[in-house]
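This report refers to the structure that appears directly beneath it.
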Amino acid sequence: MSWLYEPEPGAHDLDESDFKARPNPKGNKPRTKIRPDHSGAALGMLIGIDKNRYQVLLQEGNYQVNATLAKELRNNGPAVGDIVSLAGDTSSDDGALSRIVRIEPRTTLLRRSADDSDQVERVIVANATQLMIVIAAANPEPRTRLVDRYLAAAYDAGLKPIICVTKTDLADPTEFLENFQGLSIPIIRTRSDSFQLSEVVDLLAGQTTVLVGHSGVGKSTLVNALSPEANRAVGVVNAVTGRGRQTSTSVRALALEDGWIIDTPGIRSFGLGHIDPKNLLRSFEDLWETIASCPRGCTHLIDSPDCALDEAVAKGVLGPQGASRVDSLRRLMTSLS
């Protein structure tokens, strides 16, 4: 028996035209690493995020559209306050859905980490200019060290800090505010029984201001007073634990007559594992001049020899709260190291 192929009489020799290529199950469009530049994409400000939907206010037309996130941005997505580029359907029609394809360069970035040992940063807000630290004079009680953390984050992000004390009709915050009397930052006092907002409005004019604070301090009440159409949920403080219940569950940017406010969920802890230690020192503005006179290589910690902070506390030149301020700085530096 012969194993050689012998064509049947009248048959022609086989060639490549007799074989058909298997179709590409993902389509016949060839793959390419060249991505579209989206040079003509529409620009808008990201004002809210709800699960996998992004609310963007278009610069041209000044109306809101819904968007998804392009695949290439899923590992490093935008934050509220970002200026983003949009492709796809950017019309105001019902059901229209565009796609965020690019994040424009940022001017500032407010971040936090899970704790002081965590180097992974969580982006909170982009492109803000001010950070308003909202604390209550009582119910819940104000926390000095949490304010110190907010101040450090503000200086690290390049934001101008403001302290706003709410519920001053319930308690006198004077003693608490003595901890920050050496700082050249605005301090506002408001009451829960009557809102006098003229001073607040003046400070917010022309700025993009982030509001941060412990749950229950009155951020949402303040936001609703400044922007009534915001309709942010207002919670109460637990009478047993003294803790507020988180009512704002997402970051949201709200337009004012002149400027923006960005409301954030209540935060009980604020990790600083990502910040530059130099910015931590600069956030203690009342101690900075003393720190500058320390010997070269001084760590400013409690066991650092010839630290100028110790001498200043011993002489009482830092005021009645000097020892407490130095202790707060050293606690933060120790937790970061």
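Quick look at the numbers
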read-out: Only one of Leu170, Leu204, Leu183 that is out of contact with any Cys (no Cβ under 7 Å at 6 or more places or on another chain) and within 23 Å of Ser250 (Cα to Cα); value: Leu204
read-out: Test for Leu318: is it modelled with pLDDT under 95, under 34 Å from the mean Cα position of the chain (by Cα), not small (Gly, Ala, Ser) and not in a helix (DSSP H, G or I); value: yes
read-out: Condition met for Val237 (at pLDDT 90 or above and either surrounded by 14 or more Cβ atoms within 10 Å (Cβ to Cβ) or assigned by TED's automatic domain parsing to the domain that holds Val326 (or both)); value: no
read-out: Top-ranked residue in region 71-100 [being surrounded by 19 or more Cβ atoms within 10 Å (Cβ to Cβ) and either assigned by TED's automatic domain parsing to the domain that holds Ala152 or closer than 23 Å to Glu121 by Cβ (or both); ranked as farthest from the chain's Cα centre (by Cα)]; value: Ile100
read-out: Failed criterion for Ser304 (all others in (1) in a helix (DSSP H, G or I); (2) among the polar types (S, T, N, Q); (3) crowded, with 16+ Cβ neighbours inside 10 Å hold); value: (1)
read-out: Residue match in region 93-110 (condition: under 26 Å from Arg331 (Cβ atoms) and assigned to a strand (DSSP E or B)); value: yes
read-out: Residues being surrounded by 18 or more Cβ atoms within 10 Å (Cβ to Cβ) and either basic (Lys, Arg) or over 24 Å from the mean Cα position of the chain (by Cα) (or both) - total across region 178-190; value: 3
read-out: Among the residues listed as Arg296, Arg330, the single one being surrounded by 13 or more Cβ atoms within 10 Å (Cβ to Cβ), at pLDDT 90 or above and over 25 Å from Val251 (Cβ atoms); value: Arg330
read-out: Selection within region 272-299 - within 18 Å of the chain's Cα centre (by Cα) and part of a loop (DSSP other than H, G, I, E, B); value: Leu272, Gly273, His274, Ile275, Asp276
read-out: Close pairs (8 angstrom Cβ cut-off, 6 or more residues apart or separate chains): among the acidic types (Asp, Glu) in region 251-273, at pLDDT 95 or above and surrounded by fewer than 17 Cβ atoms within 10 Å (Cβ to Cβ) anywhere; value: Asp258/Ala205; Asp258/Gly206
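Conditions tested, residue by residue: (1) charged (D, E, K, R); (2) under 26 Å from Ile47 (Cα atoms); (3) without any contact (Cβ under 8 Å) to a residue 24 or more places away in the chain.
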| residue | (1), (2), (3) |
| --- | --- |
| Ala152 | no, yes, no |
| Lys160 | yes, yes, no |
| Ile163 | no, yes, no |
| Glu178 | yes, no, no |
| Pro186 | no, no, no |
| Leu197 | no, yes, no |
| Gly216 | no, yes, no |
| Ser227 | no, yes, no |
| Ala230 | no, yes, no |
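Matching residues to (1) assigned to a helix (DSSP H, G or I); (2) touching a helix residue (DSSP H, G or I) at 6+ places or on another chain (Cβ under 9 Å):
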position: Ala138; (1), (2): no, no
position: Arg149; (1), (2): yes, yes
position: Asn179; (1), (2): yes, yes
position: Gly182; (1), (2): no, yes
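The values are calculated or read from the model by the stated rules, or taken from the named source; none is laboratory data. As the structure is a computational prediction, the values presented were derived from the model and not from experiment. Neighbour counts are summed over all protein chains in view; Cβ atoms, including those assigned to glycine, are modelled from backbone coordinates with ideal geometry.
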